[in-house]
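The values are calculated or read from the model by the stated rules, or taken from the named source; none is laboratory data. Here the structure is a predicted model, which is why all the values come from computation and not from measurement. Cβ sites come from the backbone with ideal geometry, for glycine too, and all protein chains shown count toward neighbours. Each accessible area value is taken on the protein alone, full model and side chains, heavy atoms only, with ligands, DNA and RNA left out. Shrake-Rupley method; radii C 1.70, N 1.55, O 1.52, S 1.80 Å.
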Amino acid sequence: MSRTQTWVDAPSKPHWTPPPGAVDAHVHVFGPEAQFPFSPKAKYHPEDATPEMLFALRDHLGFSRNVIVQASCHGTDNEATLNGIAKSNGRARGVAVVDPDIGLDDLKTLHAGGIRGVRFNFLKRLVDNAPKDKFLEIAKKIAPLGWHVVVYFEADILEELVPFLEAIPTIVVVDHLGRPDIAQGPDGADITRFKQLLDEHPTIWTKVSGAERLSPMGPPFDDFVEVIRPVVERYPDRVLWGTDWPHPNMEHRIPDDGTLVDVIPRIAPTAELQRKLLIDNPERLYWPERLSGNERA
Ligand SMILES: O=C(O)c1cc(C(=O)O)oc(=O)c1
């Protein structure tokens, strides 16, 4: 498998500036392969996307912190993610992918390394299997640590996943809105079903990310904005946002990260919505020790 670069080297500076303390809550690191080899089961073989490159992007875009999500190409070996967190000077936390038989000592080591959640991936193009019973075993193990679960799936399996999502005893964060068909518009079947899920389950959150993956129109992502702004306005306390740098598998429509940041004030049009999306909500999951006072408890 030849190595692929899925990000632009010099993204534009966004026109909009994130507030101080803002968290880019969905990024990955790849390798460096010489130090942290990819999984033999990886479905893609990326170029190195190192912590140093990530932090340069963070600063360029005007963010203060990152949440590094273990990418499928690293399997259940979280060392590359932990390395990224360790190099961040406290400005990154992470989400791991773990084996079902993981023990409490290993979970505590991950916690000490800045991990605050686990990810379950259901995309057939990314993983060989997604055993719900094993995932639930993991969810039960991580719940006492105060962690949450991140789930990545596509809209066509949402219905069959509902009982599984309901059985998870922690907050559940759905990556990239569960990949609705944006072309259906703001009242389309996919986004309507997803909002019903959020209406019925106050512990389900979502990342309002993935404009570059979900928008048939492309930049400046007018179609994504029209469908997703109502989600941010309806669930202001349960949304996170991330660039998804280095954009795994985006070989053909590689996004300019500056244009992605400029989507934020259009889906979260007020300063209050922006503060919740980029600071308050991610702090509740990833830096809860920083929260004080009743309003933010
Ligand atoms: O849609 C994807 O290809 C993708 C892949 C991964 C991963 O490989 O972990 O993560 C994402 O957030 C998105």
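For the reader, a short list of remarks on this structure follows.
- Residues of the range 254-284 that turn out to be in contact (Cβ under 8 Å) with a residue 40 or more places away in the chain, out of contact with any helix residue (DSSP H, G or I) (no Cβ under 7 Å at 6 or more places or on another chain) and either of a type in the set (Lys, Arg) or under 17 Å from Arg179 (Cα atoms) (or both), as a count: 2
- Residues within the range 77-125 that are within 16 Å of the ligand (Cβ to nearest atom) and out of contact with any strand residue (DSSP E or B) (no Cβ under 8 Å at 6 or more places or on another chain), tallied: 4
- The range 34-64, subset among the charged types (D, E, K, R) and in contact with an Asp or Glu (Cβ under 7 Å, 6 or more places away or on another chain), residue farthest from Val23 (Cα to Cα): Lys41
- Of all the listed residues (Pro20, Pro32), the sole one being more than 15 Å from the ligand (Cβ to nearest atom), out of contact with any Cys (no Cβ under 7 Å at 6 or more places or on another chain) and farther than 20 Å from Trp241 by Cβ is Pro32.
- Picking from residues in the range 185-205 that are surrounded by 15 or more Cβ atoms within 10 Å (Cβ to Cβ) and in contact with an Asp or Glu (Cβ under 8 Å, 6 or more places away or on another chain), the one that is farthest from Glu159 (Cα to Cα) is Pro186.
- Check on Pro11, away from the ligand (no atom under 14 Å from the Cβ) and closer than 24 Å to Val208 by Cα: yes
- Condition check for Glu251: within 16 Å of the ligand (Cβ to nearest atom) and open to solvent by 10 Å² or more (accessible area, probe 1.4 Å): yes
- Matching residues, the range 183-220, being acidic (Asp, Glu) and within 20 Å of the chain's Cα centre (by Cα): Asp190, Glu212
- Flag if Phe153 is out of contact with any Lys or Arg (no Cβ under 8 Å at 6 or more places or on another chain), aromatic (Phe, Trp, Tyr) and within 20 Å of Val239 (Cβ to Cβ): no
- Candidates are the residues of the range 142-185 that are in contact (Cβ under 8 Å) with a residue 60 or more places away in the chain and not in a loop (DSSP other than H, G, I, E, B); the one that is farthest from Ile228 (Cα to Cα) is His148.
- The single residue among Ala139, Ala130 that is within 16 Å of the ligand (Cβ to nearest atom), over 20 Å from Ile85 (Cβ atoms) and not in a strand (DSSP E or B) turns out to be Ala130.
- Selected residue (criterion: modelled with the lowest pLDDT) from residues of the range 276-297 that are closer than 22 Å to Thr203 by Cβ and open to solvent by 50 Å² or more (accessible area, probe 1.4 Å): Ala297
- Scanning the range 214-234 for residues that are under 29 Å from Ala167 (Cα atoms) and open to solvent by 10 Å² or more (accessible area, probe 1.4 Å) yields Leu214, Arg229, Pro230, Glu233, Arg234.
- When residues of the range 26-71 are limited to those that are of a type outside the set (D, E, K, R), assigned to a loop (DSSP other than H, G, I, E, B) and touching a helix residue (DSSP H, G or I) at 6+ places or on another chain (Cβ under 7 Å), the one surrounded by the most Cβ atoms within 10 Å (Cβ to Cβ): Val29
Table: residues versus (1) at pLDDT 95 or above; (2) touching a helix residue (DSSP H, G or I) at 6+ places or on another chain (Cβ under 7 Å); (3) assigned to a loop (DSSP other than H, G, I, E, B); (4) of a type outside the set (Phe, Trp, Tyr).
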position: Ser209; (1), (2), (3), (4): yes, yes, yes, yes
position: Met217; (1), (2), (3), (4): yes, yes, yes, yes
position: Arg229; (1), (2), (3), (4): yes, yes, no, yes
position: His252; (1), (2), (3), (4): no, no, yes, yes
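- Scanning the range 79-133 for residues that are under 24 Å from Pro51 (Cβ atoms) and open to solvent by less than 10 Å² (accessible area, probe 1.4 Å) yields a total of 13.
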